[in-house]
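Visitor: Dropping the structure in here first, questions after.
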Amino acid sequence: MRLAIILAGSTALLVAVMILTLFIAALAALEAGPLIIALFCASLLTLIGAILAFLHDTNLSLRAIRLELA
């Protein structure tokens, strides 16, 4: 569960940095396309990792409950 929480927090942080980068690039008329793409891809990968870790932990907990009830 700890990994899922860390990855979900990382996703939120990456999205916040991406939005901040978009605003700064727009205000300063900078070309930040590759950085925005990298941040977006990283945030999607961490989100996928968080969901997979959460599903793994959920299945592990359900197996433990089944063993306890059996």
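Visitor: Which of rounded, prolate, oblate describes the chain, given a ≥ b ≥ c as roots of the alpha-carbon gyration tensor eigenvalues and a/c under 1.5 marking rounded, otherwise prolate only if a/b is larger than b/c?
Guide: Cα axes put the chain in the prolate bin.
Visitor: With each run of n ≥ 4 DSSP H residues scored as -39500 (n - 2.57), what mean residue ellipticity at 222 nm is computed for the chain after dividing by its residue count and rounding to the nearest 500 deg cm²/dmol?
Guide: -33000 deg cm²/dmol
Visitor: Another question, if that's okay. If I model a spin label as a point 7 Å beyond the Cα along the Cα-Cβ vector, how far apart are those points for LEU22 and ALA70 in nm?
Guide: The two pseudo-label positions are separated by 4.8 nm.
Visitor: Run the paramagnetic zone check for LEU30: 7 angstrom along Cα to Cβ, then residues of the range 2-20 with backbone nitrogen under 15 Å.
Guide: Within reach of a label on LEU30, which here means backbone N under 15 Å from a point 7 Å along Cα→Cβ, the range 2-20 contributes 17-20.
Visitor: Measure nothing fancy, just the Cα-based angle from helix 33-69's long axis to the longest principal axis of the chain, in degrees from 0 to 90, nearest 10.
Guide: 10
Throughout, read-outs are computed from the coordinates displayed, never taken from laboratory work. On a predicted model such as this, the values are computed, not experimentally measured, just so you know. Note that each Cβ is placed from the backbone with ideal geometry, even for glycine, and that neighbours are counted across all protein chains shown.
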